[in-house]
Amino acid sequence: MKVIYKQTLVLVERQRVAIPREARILCVQVQREDICIWYETDDLEKANYDRGIAIAGTGHKVPGGSVYLGTVQIGAFVWHVYEVAL
């Protein structure tokens, strides 16, 4: 059975996030002023691995070879979240 989990991101340009290999990222949203991603997986016991996440502000360069995950707003700032290769 698949289950949905949340991972809180740090507001930095690039970071590593450990989630199960088979996980599918569903969305990016703000929760209590934190940028979070939600993902679904059927087995948390599978080995975790690092995924690269990049966060860029409006007007900043889009990371090369990236996959767009979503856009969030925190106060007056707008952030665009991408999955990137490590």
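Only the coordinates and a few stated rules stand behind these numbers; no lab work does. Bear in mind that the values here come from a model prediction, so they are computed numbers and not experimental data. As a convention, Cβ positions derive from the backbone with ideal geometry for all residues, glycine included, and neighbour counts pool all protein chains shown.
Numbers for the structure displayed
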{"item": "Unit charges at the beta carbon, dipole of the chain: most positive-side option, 5, 17, 54", "result": "54"}
{"item": "Loop-resident sites, the stretch 1-40, for GluC sites (Glu not before Pro), counting at most 10 other Cβ within 10 Å (DSSP)", "result": "33"}
{"item": "Cleavage-rule hits, trypsin sites (Lys or Arg not before Pro), the stretch 1-54, DSSP coil, Cβ neighbours within 10 Å at most 11", "result": "2, 21, 32"}
{"item": "Taking all pairs of distinct alpha-carbon atoms in the chain, Kirkwood radius in angstrom", "result": "13.3"}
{"item": "Point-charge dipole on Cβ atoms (K/R +1, D/E -1) for the stretch 1-52, about Cα centre, debye to 20", "result": "80"}
